[in-house]
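First the structure, in the form of structure tokens, and then the observations on it.
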């Protein structure tokens, strides 16, 4: 017999400021074990991207890179979030934010592969 398990979650506002506290292990989840710290770097980039979208009502492009860096630094300082700044990761996150892949391209790509 399956017994229901109650799971408590933090609010989005709490997780946005401190994502590691929302995980039962006390750290951000790793997507790739060969890249420790990448989750924190992507969250750091998300600060700037999120604030840019709120301010400009559109997603940033590669030309908006420096504006996102400035927004990330100010937001991270205000929230006391510390992470290593990797320019390549940050630039890729900002550049690919405004991209969109249509579902048909994914479907036909799967067939071709």
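The values are calculated or read from the model by the stated rules, or taken from the named source; none is laboratory data. This is a predicted model, so every value here is computed, not measured. Please note: Cβ atoms are built from the backbone with ideal geometry, for glycine as well, and neighbour counts cover all protein chains shown.
What to note about this one:
- Pick from the stretch 45-85, criterion buried (at least 16 other Cβ atoms within 10 Å of the Cβ) and modelled with pLDDT under 85, ranking: nearest to residue 32 (Cα to Cα): 83
- Neighbours by Cβ (under 7 Å, 6+ apart or cross-chain): first from the stretch 63-87, on the phi < 0 side of the Ramachandran plot; second assigned to a helix (DSSP H, G or I) and surrounded by fewer than 13 Cβ atoms within 10 Å (Cβ to Cβ): none
- Residue match in the stretch 9-27 (condition: more than 21 Å from residue 89 (Cβ to Cβ), touching a helix residue (DSSP H, G or I) at 6+ places or on another chain (Cβ under 8 Å) and surrounded by fewer than 10 Cβ atoms within 10 Å (Cβ to Cβ)): yes
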